[in-house]
Amino acid sequence: MVDRKDLIRKLYYSDNLPILRSMEDESVDLIYLDPPFNSNRAYNIIYPDDLGQVTAFEDTWYWTPECDAHIHDMTHLKTRSILDALANAMGKSQICAYLVNMAVRLIEMRRILKPTGSIYLHCNPTASHYLKIVMDAIFGTNNFRNEIIWHYRRWTGKAKKFQCLHDVVFFYTKTSDYSFNILYTDYTTGSRERKVQGVLNRFKGGETHFVSYKSVDEKGVRENDVWNIPFVAPSAKERLGYPTQKPLALLEKILLASSNEGDLVLDPFCGCGTTVEAAEKLKRHWIGIDITYSSIAAIKERFRRQKYNVWGEIQIFGEPKTEGEVEKNLINSQSASARKEFEKFCVTSIGGLPNDKMGADGGIDGRIPIDKNEIAIVSVKSGRISIEQIRALRGLLNGKNKIGIFITKVKPTKKMKLFANQSGIYEFPDKPEKVVFRTQELIPRIQILTLEQILKGVQPILPWAIPNKF
Ligand SMILES: C[S@@+](CC[C@H](N)C(=O)[O-])C[C@H]1O[C@@H](n2cnc3c(N)ncnc32)[C@H](O)[C@@H]1O
């Protein structure tokens with residue numbers, strides 16, 4: 001029996017490649033990965049109550065000099081020649097860039113899997129046929145176990161073709177000596193009725209055989225490779241608003257089949273943490289990695305909501321802890337998306353919902369819902385600041401916008417603080433009794449927080465405790 005308090009729980013805010021490279025050989029029992037599918041689109045987090053959207057991650061891959069370097073350095077020759085062949089046939093296209101990036105990671109994943117370990121690669125028909133070739137090269141055709149079809153129902157557009165209602169999950173093992181628990185599902189109504197009559201029909205060699213009830217497994221029917229599991233519906237309780245969130249039931253099934261209590265489960269593209277919750281629930285050690293801060297924030301929210309009460313026990317790596325780290329990894333990064341991460345980092349650190357929209361939203365970088373009719377708006381500045389910017393934020397306080405929070409890397413001057421202090425006090429409207437007041441303090445309409453304060457965990461003063469989304 002594994003004691004929950006002994007579980008290893010690690011969350012990395014990072015590109016998964018360097019983390020995978022740093023992991024020990026043959027150390028992981030099960031890997032589930034659900035990488036972006038090369039769908040050539042951006043995935044947005046949808047917030048409740050019309051609070052908008054923010055791009056969680058982009059799913060567009062381009063050929064870069066790094067792709068050439070990956071192929072050049074690839075010592076796995078079979079994979080390298082397949083990638084060369086694909087690049088020759090299709091040019092240095094987006095799909096080839098995607099496959100190179102996947103291959104270089106899958107090679108590491110094979111290395112860190114234990115000989116008894118398994119890997120489940122979740123994808124869809126956009127790239128599944130190419131990915132299977134790469135998986136065959138890396139894991140060997142003889143270690144291919146199943147192509148699982150996850151079938152679901154959801155609202156689809158009116159395209160001139162059949163509705164697309166399935167994803168593909170490839171199941172490979174590292175060797176033929178792998179750990180596997182057979183799963184069972186219930187009999188169909190028809191089988192159950194015949195079972196009551198004492199016989200079941202079975203097709204064998206093209207003929208119908210009558211088999212006695214006693215020869216049928218009492219546990220039910222052995223699970224097959226088509227899984228009907230509902231999609232995470234907009235109204236589902238488990239929904240976190242993270243795009244591409246997978247249902248917990250899907251992950252539980254994979255973990256129950258290919259791992260046991262106390263095993264180590266890795267999800268290198270962990271999104272909002274469906275795998276890590278399944279691992280927590282089933283008492284597996286777990287490691288999750290994701291490159292976007294929205295994912296880390298969503299996982300924090302997931303653990304805040306659920307009942308395991310282990311948030312304090314989770315080790316988070318890569319989350320900037322000092323101003324220097326924020327400066328180096330987010331603000332001064334060459335990548336525009338990393339700089340956007342600075343805003344996301346600041347906004348989510350104070351329980352807000354980051355905002356993507358520029359221009360039209362007049363520089364609002366995030367919102368914190370106060371209740372259905374009121375919000376606090378957040379503005380984040382990573383460079384020099386002026387009193388004009390704070391005045392502009394105050395100018396946006398109308399209608400629903402009741403409080404303005406100005407987050408700055410640079411320390412505000414005395415004048416700026418004075419300006420904020422003189423910008424008025426939030427007035428409590430009549431609220432229903434259920435509202436839990438968090439503070440008896442006067443609540444300034446304009447509040448300035450520095451990055452230094454945020455890193456120390458200082459929060460804005462808000463009228464009442466609300467369940468923050470991220
Ligand atoms: C399809 S989503 C995973 C969804 C997840 N299965 C869930 O249930 O929430 C893919 C995730 O991969 C992350 N990602 C993309 N490239 C990455 C990389 N190089 N390293 C780590 N994570 C990455 C994205 O930020 C995104 O959260």
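The values are calculated or read from the model by the stated rules, or taken from the named source; none is laboratory data. What you are looking at is a predicted structure, and each value in this text was computed from that prediction instead of being measured. Every residue, glycine as well, gets a Cβ built from its backbone with ideal geometry; the counts of neighbours run over all protein chains shown.
When you go through (1) buried (at least 20 other Cβ atoms within 10 Å of the Cβ); (2) within 26 Å of residue 25 (Cβ to Cβ); (3) not acidic (Asp, Glu) one by one for residue 148, which number turns out not to apply?
(2)
Being surrounded by 17 or more Cβ atoms within 10 Å (Cβ to Cβ) and small (Gly, Ala, Ser) is the filter here; which residues of segment 367-415 pass it?
Listed by number, the residues that qualify are 376, 379, 382, 404.
Can you tell me how many residues within segment 392-405 are touching a Phe, Trp or Tyr at 6+ places or on another chain (Cβ under 7 Å) and either farther than 13 Å from residue 424 by Cβ or hydrophobic (A, V, I, L, M, F, W, C) (or both)? So that I can check it myself, show each step before the final result.
Step one: filter segment 392-405 for residues touching a Phe, Trp or Tyr at 6+ places or on another chain (Cβ under 7 Å), giving 393, 402-403.
The next check asks that each one be either farther than 13 Å from residue 424 by Cβ or hydrophobic (A, V, I, L, M, F, W, C) (or both); those that pass are 393, 403.
Residues meeting the conditions: 2.
How many of the residues in segment 228-245 are within 10 Å of the ligand (Cβ to nearest atom) and in contact with a strand residue (DSSP E or B) (Cβ under 7 Å, 6 or more places away or on another chain)?
Here the count works out to 3.
Taking residue 81, is it over 19 Å from residue 140 (Cβ atoms) and away from the ligand (no atom under 16 Å from the Cβ)? Quick ask: steps written out before the conclusion?
Details: over 19 Å from residue 140 (Cβ atoms): no; away from the ligand (no atom under 16 Å from the Cβ): yes.
It is false that residue 81 is over 19 Å from residue 140 (Cβ atoms) and away from the ligand (no atom under 16 Å from the Cβ).
Looking at segment 259-311, which of its residues are away from the ligand (no atom under 13 Å from the Cβ), at positive phi and of a type in the set (Gly, Ala, Ser)?
Across segment 259-311, the qualifying residue is only 262.
Could you list, in sequence order, the residues of segment 371-386 that are at pLDDT below 80 and not in a loop (DSSP other than H, G, I, E, B)?
371
Can you tell me which residue is nearest to residue 296 (Cα to Cα) among those in segment 352-370 that are modelled with pLDDT of 80 or more and either assigned to a loop (DSSP other than H, G, I, E, B) or among the polar types (S, T, N, Q) (or both)?
352
Only one of (1) without any contact (Cβ under 8 Å) to a residue 60 or more places away in the chain; (2) surrounded by 21 or more Cβ atoms within 10 Å (Cβ to Cβ) fails for residue 258. Which number is that?
It fails just one condition, (1).
Based on this model, can you work out whether residue 225 counts as more than 12 Å from the ligand (Cβ to nearest atom), at pLDDT 90 or above and surrounded by fewer than 18 Cβ atoms within 10 Å (Cβ to Cβ)? Don't jump to the end; show me each part of the working.
On the way: more than 12 Å from the ligand (Cβ to nearest atom): yes; at pLDDT 90 or above: yes; surrounded by fewer than 18 Cβ atoms within 10 Å (Cβ to Cβ): yes.
Yes, satisfied.
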